[in-house]
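Input: a single structure, listed below in structure tokens.
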Amino acid sequence: MKNLEAYEFKTQVVKAFAHPLRLAICEYLLKIKQPKCVNHIAGEFNKNQSVISKHLSILQQAGIVKVEKEGVFVRYTLSNPQITQALIKSINELAKHNAKMSSKIAESL
């Protein structure tokens with residue numbers, strides 16, 4: 001039997017993308033291409049800063065976002081925009097495929 005420890009971190013990364021707000025935050029950071037403070041991200045999604053901070057913490061623990069400190073300011077940016085873009089593209093393609101398959105199944109009933 002394979003050692004599952006190697007899969008634990010991989011699972012953490014996948015789980016980080018498994019929340020709509022975290023996925024949206026990643027897409028937002030990918031789109032704007034510059035570090036943003038929690039209050040700016042919170043304003044973009046009309047959410048409390050504490051909610052955004054919790055989700056950013058999960059993304060940071062998974063290595064998806066990184067923190068850039070500049071004086072008293074803490075800004076968040078993507079750790080690797082190219083990989084994040086590829087993952088989001090794959091997620092979108094899987095979602096489209098699954099939607100098509102669900103539609104075909106529903107039509108056959």
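The values are calculated or read from the model by the stated rules, or taken from the named source; none is laboratory data. Being a predicted model, the structure only gives us computed values, none of them experimental. Backbone-built Cβ (ideal geometry, glycine too); neighbour counts: all protein chains shown. Ligands, DNA and RNA are stripped out before the accessible areas are found, and what is left, the full protein with its side chains, is counted by its heavy atoms. Shrake-Rupley method; radii C 1.70, N 1.55, O 1.52, S 1.80 Å.
Remarks
- Net length gained if the chain between ALA86 and LYS69 were fully extended (0.36 nm per residue, minus Cα distance): 3.4 nm
- For VAL65, the residues 5 or more places off, or on other chains, whose built amide H falls under 5 Å of its own are GLN60, SER79.
- Solvent-accessible area per residue in the chain equals 72 Å², computed with a 1.4 angstrom probe and all protein chains kept.
- Dipole size of the chain about its Cα centre, with +1 on Lys/Arg Cβ and -1 on Asp/Glu Cβ: approximately 80 debye, rounded to the nearest 20.
- The Cβ shell under 13 Å around CYS26 holds other residues with a net charge of +4, Lys and Arg each +1, Asp and Glu each -1.
- With eigenvalues of the C-alpha gyration tensor scaled by 5 and rooted, the chain, Å: 29, 19, 12
- Within the accessible area of the chain (1.4 Å probe), percent carbon and sulfur: 55
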